[in-house]
Amino acid sequence: SDLEDHAYWTAADGCLFEGAKEGGLASTIACAPDAATSLALVGDTAYVTTTEGALYRTELIAGSAFEKVASDENFGDGIVADTSGVYWVDAGNRRVRRYRDFNGEVDTLARSQYAPAAVAQDRFYLYFSTQGDGSVKRVLKAGGDVELMADEQNQPGQLAVGDEFVYWINEGDGSVMRLYKHYN
């Protein structure tokens, strides 16, 4: 597939580029009107966020155009995406958000969170850190109650999820933590 043979990246000018991993010239896929801040790829679709708080979608075909699918958002430390949606934390409004292609809507998965900082995903769950209350939490991607996984952390930030564990960095003391994600 193209994702295996090509690399994709954004530039400060808002453009999305594609290049063969073995080298050669890069191709411009599409350009957004604002500086790009994060990128997520799902199948043959790219999602890009910009400094102006917009989420754009485009096909991974050179010469495509971006379609704005959300605006007035705060994407924090980036986005994650899969075939069910695009997800991010909105620290300014204390919530965890989702965009779904099938209905074109942006909705909220978690409200009233204390300084949400980062997001990661597995097949069923969206994991997020909240620095204001020192917690790592998760919520089903389909929606539901927020589950507390770890508390009393020292400013948990970036997360990663593997098959068995969720990992995070405590920015307050530089520690790297892990927790078995099927703890129940």
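The values are calculated or read from the model by the stated rules, or taken from the named source; none is laboratory data. In this text, all values refer to a predicted model and were calculated from it rather than measured experimentally. Glycine also receives a Cβ, built like all others from the backbone with ideal geometry; neighbour counts cover every protein chain displayed. Note: areas computed on protein heavy atoms with side chains; ligands, DNA, RNA excluded. Shrake-Rupley method; radii C 1.70, N 1.55, O 1.52, S 1.80 Å.
Inspect all residues belonging to the stretch 94-112 and state whether any of them is touching a helix residue (DSSP H, G or I) at 6+ places or on another chain (Cβ under 7 Å) and modelled with pLDDT under 95.
If we filter the stretch 94-112 for residues that are touching a helix residue (DSSP H, G or I) at 6+ places or on another chain (Cβ under 7 Å), which is where we start, we get none.
No, there is no match, as no residue in the stretch 94-112 is touching a helix residue (DSSP H, G or I) at 6+ places or on another chain (Cβ under 7 Å) and modelled with pLDDT under 95.
Which members of the stretch 1-60 meet the condition of being open to solvent by 30 Å² or more (accessible area, probe 1.4 Å) and closer than 13 Å to Ile79 by Cβ?
Thr10, Thr37, Leu39, Leu41, Arg57
Results for (1) closer than 18 Å to Trp88 by Cα; (2) touching a residue at least 12 places away in the same chain (Cβ under 8 Å); (3) out of contact with any His (no Cβ under 8 Å at 6 or more places or on another chain); (4) aromatic (Phe, Trp, Tyr), shown as yes or no for each residue.
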position	(1), (2), (3), (4)
Ser27	no, yes, yes, no
Cys31	no, yes, yes, no
Thr37	yes, yes, yes, no
Val42	yes, yes, yes, no
Thr50	yes, yes, yes, no
Ala54	yes, yes, yes, no
Arg57	yes, yes, yes, no
Phe66	no, yes, yes, yes
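Please work out which one of (1) assigned to a strand (DSSP E or B); (2) surrounded by 20 or more Cβ atoms within 10 Å (Cβ to Cβ) is the condition Val106 fails and give its number.
Answer for Val106: the failing condition is (2).
Tell me, please, whether a residue that is open to solvent by 10 Å² or more (accessible area, probe 1.4 Å) and over 23 Å from Thr45 (Cβ atoms) can be found in the stretch 115-126.
Yes, there is a match, as at least one residue in the stretch 115-126 is open to solvent by 10 Å² or more (accessible area, probe 1.4 Å) and over 23 Å from Thr45 (Cβ atoms).
Quick one: is Ser129 open to solvent by less than 50 Å² (accessible area, probe 1.4 Å), at pLDDT 95 or above, of a type in the set (S, T, N, Q) and under 16 Å from the mean Cα position of the chain (by Cα)?
Judged against the criteria, Ser129 is a match.
Which pairs have Cβ atoms under 8 Å, sit 6 or more apart or on different chains, and link a residue in the stretch 88-114 that is under 15 Å from Gly76 (Cα atoms) and β-branched (Val, Ile, Thr) to one that is open to solvent by less than 30 Å² (accessible area, probe 1.4 Å) and in a loop (DSSP other than H, G, I, E, B)?
From the stretch 88-114, the pairs are Val89/Gln113; Val96/Gln113.
Somewhere in the stretch 82-91, is a residue open to solvent by 30 Å² or more (accessible area, probe 1.4 Å), under 20 Å from Tyr56 (Cβ atoms) and touching a helix residue (DSSP H, G or I) at 6+ places or on another chain (Cβ under 8 Å)? Break it down stepwise before answering.
Applying the first criterion (open to solvent by 30 Å² or more (accessible area, probe 1.4 Å)) to the stretch 82-91 yields 82-84, 91.
Next, only the ones that are under 20 Å from Tyr56 (Cβ atoms) stay: 82-84.
If we keep only those that are touching a helix residue (DSSP H, G or I) at 6+ places or on another chain (Cβ under 8 Å) as well, we get none.
So far as the stretch 82-91 goes, no, none of its residues is open to solvent by 30 Å² or more (accessible area, probe 1.4 Å), under 20 Å from Tyr56 (Cβ atoms) and touching a helix residue (DSSP H, G or I) at 6+ places or on another chain (Cβ under 8 Å).
Being among the aliphatic types (A, V, I, L, M), touching a residue at least 24 places away in the same chain (Cβ under 8 Å) and part of a loop (DSSP other than H, G, I, E, B) narrows it down to one of Ala62, Ala120, so name that one.
Values: Ala120 fails: part of a loop (DSSP other than H, G, I, E, B).
It is Ala62.
Could you tell me which residue of the stretch 137-157 is least open to solvent (accessible area, probe 1.4 Å), considering only residues that are under 23 Å from Val106 (Cα atoms) and not basic (Lys, Arg)?
Among those that are under 23 Å from Val106 (Cα atoms) and not basic (Lys, Arg), it is Val139.
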